[in-house]
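Peer 1: This is the structure I have questions about; it appears just below.
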Amino acid sequence: MFDPVSLLDNPLNIMAAATAMVCFGTVATLAAPLLRGDKLEGRLKSVANRREELRRRSRQQIRDGSLRHVDESLAKKVVDRFQLNKLLEDPKVVDKLARAGLRGPRPISTFYFFRLLMPFILAVLAALYLFVLHATHWTTQVRFVAVAALFVGGYYAPNLYLQNRIGKRQASIMAVFPDALDLLLICVESGMSIEAAIQKVGAEIGASSIELAEELALLTAELSYLPERRMAYEGLARRTGHPGVKAVVTAMIQAERYGTPLGSALRVMAKENREMRIAAAEKKAAQLPAKLTVPMILFFLPVLFIVILGPAIIKVQDTQKHNHAAASATPGK
């Protein structure tokens, strides 16, 4: 008879499941670039829709922040019903979602919805696993502590997801941002306007970073329709949330305000961002030996010992067997 408790309680089954998950993750990671479609066209289309939206609305509405999509999803209804935006209020949630590439009211409702739901989901799953299936031999107090820990962890799970997405997005943007500044400098010094230069750079840089192309296209739209360029530049800094981009935005705002040459500011900023990218690469290279210590101890050294000492051990065992056979045959003679 099939017994799920014994199945889940067996360490060999748990180890096999973990190994299968690791293998599946490895295969999925290697195959993801081949299965990934071209997202640049879709994102640029969404930016074009944003531009049309900005064109339809008045500048006063844009300044007051009333430019919003209509959200009629289930998450929005739950948030309004329980007033989660006040109960679970996070003043930085809009900036975090923008840095993660999520704009509009729907991601906000979804964030609060999962912040309410995830603690109960994780706690219920943990309670089923620990109390109903009795999959572990822990004491009752330890089980309650584990359920409580997962309940608290579920509250912070949406934030962890956002931080992970923000980190990946910032890495994708900053990997090609110095090159984008070089292209922008060339376009500006060739006589192009700043709007045309940013639009041209966004179209050229899309093959290397879809996220940066999306931000530059959105910056072009806001430069065209916002009442002040400073607001568009500050919006770019707020959506990226990276010190390098903020420094460039500050330099461009100062050049706009005081009439200083924009090419000189872009040249200095491009050089600083290249130095920041080189410093980040050197930092990762310096951290590599420490990160490789544990994998080498767990995976490389045992194999190395087997390769080096294996033949010697086999030879010693053969010699001992030969001597033992010779010693056993001597009394018979």
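The values are calculated or read from the model by the stated rules, or taken from the named source; none is laboratory data. Since the model is a prediction, treat every value here as computed from it, not as a measurement. Glycine also receives a Cβ, built like all others from the backbone with ideal geometry; neighbour counts cover every protein chain displayed. For accessibility, only protein heavy atoms count, side chains too; no ligands or nucleic acids. Shrake-Rupley method; radii C 1.70, N 1.55, O 1.52, S 1.80 Å.
Peer 1: Report the residue count in the stretch 260-278 for those that are assigned to a helix (DSSP H, G or I) and free of Cβ contacts under 8 Å to residues at least 12 places away in the same chain.
Peer 2: So in the stretch 260-278, the residues assigned to a helix (DSSP H, G or I) come out as 262-278.
The next check asks that each one be free of Cβ contacts under 8 Å to residues at least 12 places away in the same chain; those that pass are 264, 271, 275, 278.
Within the stretch 260-278, residues that are assigned to a helix (DSSP H, G or I) and free of Cβ contacts under 8 Å to residues at least 12 places away in the same chain number 4.
Peer 1: Related question: Being in contact (Cβ under 8 Å) with a residue 40 or more places away in the chain and open to solvent by less than 40 Å² (accessible area, probe 1.4 Å) is the filter; apply it to the stretch 221-241 and report the residue that is farthest from the chain's Cα centre (by Cα).
Peer 2: Result: 226.
Peer 1: Still on this structure, please answer the following. What's the number of the only condition in (1) open to solvent by less than 90 Å² (accessible area, probe 1.4 Å); (2) within 27 Å of residue 218 (Cα to Cα); (3) assigned to a helix (DSSP H, G or I) that residue 257 fails to meet?
Peer 2: (1)
Peer 1: Being in a helix (DSSP H, G or I) and either in contact with a Leu (Cβ under 6 Å, 6 or more places away or on another chain) or open to solvent by less than 40 Å² (accessible area, probe 1.4 Å) (or both) is the filter here, so list the residues in the stretch 78-112 that pass it. It would help to see each step written out before you state the result.
Peer 2: First, pick out the residues of the stretch 78-112 that are in a helix (DSSP H, G or I): 78-82, 84-87, 93-99, 105-112.
Within the stretch 78-112, 78, 79, 84, 93, 96, 97, 98, 105, 107, 109, 111, 112 meet the criteria.
Peer 1: Looking at the stretch 95-115, can you tell me whether even one residue there is at pLDDT below 75 and among the acidic types (Asp, Glu)? Explain how you work it out, then say what you get.
Peer 2: Taking the stretch 95-115 as the starting set, the residues that turn out to be at pLDDT below 75 are none.
For the stretch 95-115, residues at pLDDT below 75 and among the acidic types (Asp, Glu): absent.
Peer 1: If you check residue 98 against the conditions, is it within 23 Å of residue 73 (Cα to Cα) and small (Gly, Ala, Ser)? Quick ask: steps written out before the conclusion?
Peer 2: On the way: within 23 Å of residue 73 (Cα to Cα): yes; small (Gly, Ala, Ser): yes.
Spelling it out, residue 98 is indeed within 23 Å of residue 73 (Cα to Cα) and small (Gly, Ala, Ser).
Peer 1: A further question follows. Can you tell me which residue among 247, 281, 285, 325 is farther than 20 Å from residue 176 by Cα, open to solvent by less than 90 Å² (accessible area, probe 1.4 Å) and part of a helix (DSSP H, G or I)? Before the answer, list the steps.
Peer 2: Details: 247 fails: farther than 20 Å from residue 176 by Cα; 281 fails: farther than 20 Å from residue 176 by Cα; 285 fails: farther than 20 Å from residue 176 by Cα.
Just one listed residue meets the conditions, 325.
Peer 1: Quick check on this structure: which one of 199, 170, 141 is closer than 21 Å to residue 255 by Cβ, among the polar types (S, T, N, Q) and assigned to a helix (DSSP H, G or I)?
Peer 2: Details: 170 fails: closer than 21 Å to residue 255 by Cβ; 141 fails: closer than 21 Å to residue 255 by Cβ.
The match here is 199.
Peer 1: Hey, can you tell me all the residues within the stretch 190-214 that are within 16 Å of residue 229 (Cβ to Cβ), of a type in the set (S, T, N, Q) and surrounded by fewer than 16 Cβ atoms within 10 Å (Cβ to Cβ)? Break it down stepwise before answering.
Peer 2: Going through the stretch 190-214, the residues within 16 Å of residue 229 (Cβ to Cβ) turn out to be 192-199.
Checking the rest, the ones that are also of a type in the set (S, T, N, Q) come to 193, 199.
Within the stretch 190-214, just 193 meets the criteria.
Peer 1: Restricting to the stretch 129-147, what's the tally of residues that are open to solvent by less than 50 Å² (accessible area, probe 1.4 Å) and within 29 Å of residue 110 (Cβ to Cβ)?
Peer 2: 2
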